[in-house]
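These notes concern the structure reproduced below.
Coordinate-derived values only; no laboratory data. Just so it is clear, the model here is predicted, and its values are computed rather than measured. Don't worry about glycine lacking a Cβ; one is built from the backbone with ideal geometry, like all the others, and counts go over all protein chains shown.
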Protein chains: 2
Amino acid sequence: MSAPLKNDLFLRALLREPTPRTPVWMMRQAGRYLPEYRATRAQAGNFLKLCMTPDLACEVTLQPLRRYALDAAILFSDILTIPHALGLGLEFEAGEGPRIDRPVRSARDIDALPSLDPERELRYVMDAVRVIRRELDGKVPLIGFAGSPWTVGTYVVEGGSSKNFQHIKGMLYGAPSDLHRLLAHLTRATTDYLNAQIAAGAQAVMIFDTWGGALSPAAYREFSLHYMTEIVANLHRAADGRRVPVILFTKGGGAWLADMADSGADALGVDWTTDLGTARLAVADRVALQGNLDPSVLYAPPAAIRAEVGRVLASFGQGHGHVFNLGHGIHPDVPPEHAAAMVDAVHELSPPYHR
Amino acid sequence: MSAPLKNDLFLRALLREPTPRTPVWMMRQAGRYLPEYRATRAQAGNFLKLCMTPDLACEVTLQPLRRYALDAAILFSDILTIPHALGLGLEFEAGEGPRIDRPVRSARDIDALPSLDPERELRYVMDAVRVIRRELDGKVPLIGFAGSPWTVGTYVVEGGSSKNFQHIKGMLYGAPSDLHRLLAHLTRATTDYLNAQIAAGAQAVMIFDTWGGALSPAAYREFSLHYMTEIVANLHRAADGRRVPVILFTKGGGAWLADMADSGADALGVDWTTDLGTARLAVADRVALQGNLDPSVLYAPPAAIRAEVGRVLASFGQGHGHVFNLGHGIHPDVPPEHAAAMVDAVHELSPPYHR
């Protein structure tokens with residue numbers, strides 16, 4: 001049915017199988033730093049319409065692959081599709097970030113949350129996955145994704161982005177059983193959502209825990225990692241006769257990588273505040289690692305970018321199980337040719353580490 | 001000359017000497033969560049005038065001590081007094097955070113920076129220290145402070161608060177020797193500034209490295225810790241016949257505590273993302289630890305606050321060398337009685353850990 005995969009370096013690295021070089025992709029590679037992305041977004045009218053129009057979501061997913069020798073595509077979507085499908089009233093205001101009109105703050109709000117059928121309320125995402133797989137034609141694998149229950153929960157409870165997490169942390173410390181019920185609900189929805197993406201054609205999935213690093217170690221284990229582990233245990237892990245690898249990424253979670261390696265995930269994302277060599281020791285090669293160039297390195301000139309790519313490759317060191325990436329999403333004000341310098345440097349400098 | 005110190009628990013804990021209970025203070029304890037602070041600030045006209053008027057700075061420094069049984073006062077000031085004194089044009093716009101009119105971005109800008117004489121350009125700070133010491137009358141010790149060169153540098157180069165640190169990281173990776181010259185200049189100014197505070201009466205000093213955690217481990221050592229270590233080595237460490245302890249605090253620096261313990265500091269601040277028990281093992285009791293309640297715990301009801309205080313005390317465990325604090329500044333929208341619940345809980349729950 002699907003075209004055979006021409007470049008499976010990314011999937012093999014996630015399973016710690018040998019590859020001739022280190023595969024590379026960039027978080028938020030389909031994004032505002034690309035003029036062609038800005039043009040398509042303008043055509044869509046707004047960010048949410050871009051996510052909800054499968055042909056346009058496919059177009060922006062493929063744009064970075066036309067510019068750079070990347071080893072994976074990632075579905076263009078947003079971690080807030082689930083609150084949107086739950087009917088909480090999601091809006092993206094220009095320059096303001098996301099806003100949720102009806103935040104969930106009480107036991108009654110939690111009880112009122114509907115169940116989701118991803119092929120109905122989130123059908124536009126699955127349609128995008130199917131269109132992208134067809135258009136990719138086996139060039140590279142397609143990554144599906146979702147936010148972690150804790151991270152999505154922060155938006156759902158706060159009503160948008162937050163710095164101090166007033167409401168959700170008030171709940172975490174003051175009414176923890178309410179928060180557990182909310183997170184259990186989001187966990188069921190997220191599991192079904194990722195399984196639907198896999199059924200539609202996602203060849204690997206990543207769980208973004210952008211705000212797990214705002215928690216204490218004990219709260220992280222209880223309110224974030226616990227639910228990500230539950231998701232991983234319930235994913236359908238095979239498609240097209242291959243294993244579907246799972247990547248967990250907790251930004252600011254460098255100290256917890258050993259715990260995260262027990263989650264059942266195949267690979268862990270690492271941000272730039274943790275040395276990959278240290279991370280590799282912490283996980284004792286039980287999982288692959290993905291990362292971790294400081295995205296702000298891309299503000300520097302190409303020669304400096306190349307040198308820093310070399311440092312990241314050296315910090316992981318000899319052997320397999322490394323997927324090169326930024327330590328967080330690419331910044332919108334980076335020159336596109338600086339991303340090219342990074343990708344090219346990975347291609348040129350990584351083969352010696354795989355001999 | 002000065003009144004004898006009636007409560008030296010804080011100074012003794014910083015030097016890991018025995019105390020009958022754990023001393024406690026709060027970062028940003030003189031701040032917007034207190035209605036009396038907001039009244040004094042309104043009287044001053046704006047934030048900078050409040051910092052620059054010694055009698056008003058003294059008044060807000062003492063306000064939290066009237067409400068809570070705190071074991072230290074901290075000079076009311078700002079980490080951006082140095083860029084202000086350097087003539088870079090500092091303004092605090094309502095709700096906007098700090099703005100620096102003439103950011104330092106080139107080698108020429110760096111060469112043009114003047115030297116500082118803290119008793120001249122920053123005399124208002126030393127006057128505030130002297131007034132506060134007189135008014136404290138030996139009740140508790142007074143903490144002086146400064147920002148780390150890296151952290152102050154981020155504002156100086158970016159021209160204000162930043163998320164991605166575009167300009168300073170562009171310099172760090174693209175023109176590192178320029179950045180080193182800037183940081184060396186800020187290090188000299190900060191050393192003189194802290195020594196002037198000690199001469200004026202500060203009985204302990206703290207270096208706030210709010211943005212060190214935005215760096216990679218290698219960049220942190222080279223561009224932040226290196227300069228803080230240089231400051232520590234050049235401080236005058238005695239006053240009134242007592243040692244003046246130094247506290248280093250890198251927010252997000254939990255993974256680097258062992259390196260920080262080599263700096264010569266007496267104590268390290270720890271944010272809530274690192275368990276104090278883990279931190280204590282990392283530093284092997286070479287330094288005292290200060291922290292680390294999640295400031296957002298204060299959004300929860302008093303009973304939950306008390307339970308979380310108990311967890312923090314238990315995570316440090318038996319023995320001396322712990323100063324209780326929040327893991328970051330108190331949030332402006334916290335009810336003042338919730339801060340009382342925290343302070344009271346430390347008084348009540350900590351004695352068993354000191355037997």
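Miscellaneous remarks
- Total residues in the stretch B:297-322 satisfying the condition of being surrounded by fewer than 17 Cβ atoms within 10 Å (Cβ to Cβ) and polar (S, T, N, Q): the figure is 1.
- Residue check, A:Val157 buried (at least 19 other Cβ atoms within 10 Å of the Cβ) and within 19 Å of the chain's Cα centre (by Cα): no
- If only residues of the stretch A:125-141 that are β-branched (Val, Ile, Thr) and not in a loop (DSSP other than H, G, I, E, B) are counted, the one that is farthest from the other protein chains (Cβ to nearest Cβ) is A:Val131.
- Any hit, the stretch B:135-146, residues being within 17 Å of B:Ser224 (Cα to Cα) and either surrounded by 19 or more Cβ atoms within 10 Å (Cβ to Cβ) or in contact with a strand residue (DSSP E or B) (Cβ under 6 Å, 6 or more places away or on another chain) (or both): yes
- Just one residue in the set B:Gly213, B:Gly201 is in contact (Cβ under 8 Å) with a residue 12 or more places away in the chain, within 14 Å of chain A (Cβ to nearest Cβ) and among the small types (Gly, Ala, Ser); that residue is B:Gly213.
- Residue that is surrounded by the most Cβ atoms within 10 Å (Cβ to Cβ), among those in the stretch A:56-96 that are assigned to a helix (DSSP H, G or I) and small (Gly, Ala, Ser): A:Ala57
- Filter result for the condition that a residue is touching a Gly at 6+ places or on another chain (Cβ under 9 Å) and over 28 Å from B:Pro217 (Cβ atoms), over A:Ala199, A:Ala214, A:Ala239, A:Ala189: A:Ala239
- Being surrounded by 18 or more Cβ atoms within 10 Å (Cβ to Cβ) and either among the charged types (D, E, K, R) or more than 28 Å from A:Ile247 (Cα to Cα) (or both) holds for only one residue in A:Thr53, A:Thr40, and it is A:Thr40.
- Checked against the criterion of being away from every other protein chain (no Cβ under 14 Å) and on the phi < 0 side of the Ramachandran plot, the stretch A:158-169 has no qualifying residue.
- Here A:Asn325 meets the list (1) surrounded by fewer than 23 Cβ atoms within 10 Å (Cβ to Cβ); (2) in contact with a Gly (Cβ under 6 Å, 6 or more places away or on another chain); (3) more than 10 Å from chain B (Cβ to nearest Cβ) almost entirely, failing just condition (1).
- When the stretch B:216-254 is filtered for residues that are surrounded by fewer than 19 Cβ atoms within 10 Å (Cβ to Cβ) and in contact (Cβ under 8 Å) with a residue 60 or more places away in the chain, the ones remaining, listed by number, are B:Asp240, B:Arg242, B:Arg243.
- Subset of the stretch A:7-32 that is over 21 Å from A:Ala314 (Cα atoms) and among the small types (Gly, Ala, Ser) - its residue that is surrounded by the fewest Cβ atoms within 10 Å (Cβ to Cβ): A:Gly31
- Considering the stretch B:236-252, the residues that are closer than 29 Å to B:Ala199 by Cβ and small (Gly, Ala, Ser) include one that is farthest from the chain's Cα centre (by Cα), namely B:Gly241.
- Residues in the stretch A:145-183 that are among the small types (Gly, Ala, Ser) and in contact with a Pro (Cβ under 8 Å, 6 or more places away or on another chain): A:Gly159, A:Gly160, A:Ser161, A:Gly174.
- Test for B:Ala73: is it touching a Leu at 6+ places or on another chain (Cβ under 6 Å) and among the small types (Gly, Ala, Ser): yes
- Scanning the stretch B:98-123 for residues that are closer than 23 Å to B:His167 by Cα and not in a helix (DSSP H, G or I) yields a total of 12.
- Every pair of residues 6+ apart whose Cβ atoms lie under 8 Å, when the first sits in the stretch A:95-108 and is under 10 Å from A:Asp178 (Cβ atoms) while the second is assigned to a loop (DSSP other than H, G, I, E, B): A:Val104/A:Leu88; A:Val104/A:Leu113; A:Ala107/A:Ala175
- Against the conditions (1) β-branched (Val, Ile, Thr); (2) away from chain B (no Cβ under 12 Å); (3) in contact with a Phe, Trp or Tyr (Cβ under 8 Å, 6 or more places away or on another chain), A:Thr154 satisfies every one except (2).
- Residue within the stretch B:255-275 that is more than 16 Å from the chain's Cα centre (by Cα), in contact (Cβ under 8 Å) with a residue 60 or more places away in the chain and either more than 14 Å from chain A (Cβ to nearest Cβ) or surrounded by fewer than 18 Cβ atoms within 10 Å (Cβ to Cβ) (or both) present: no
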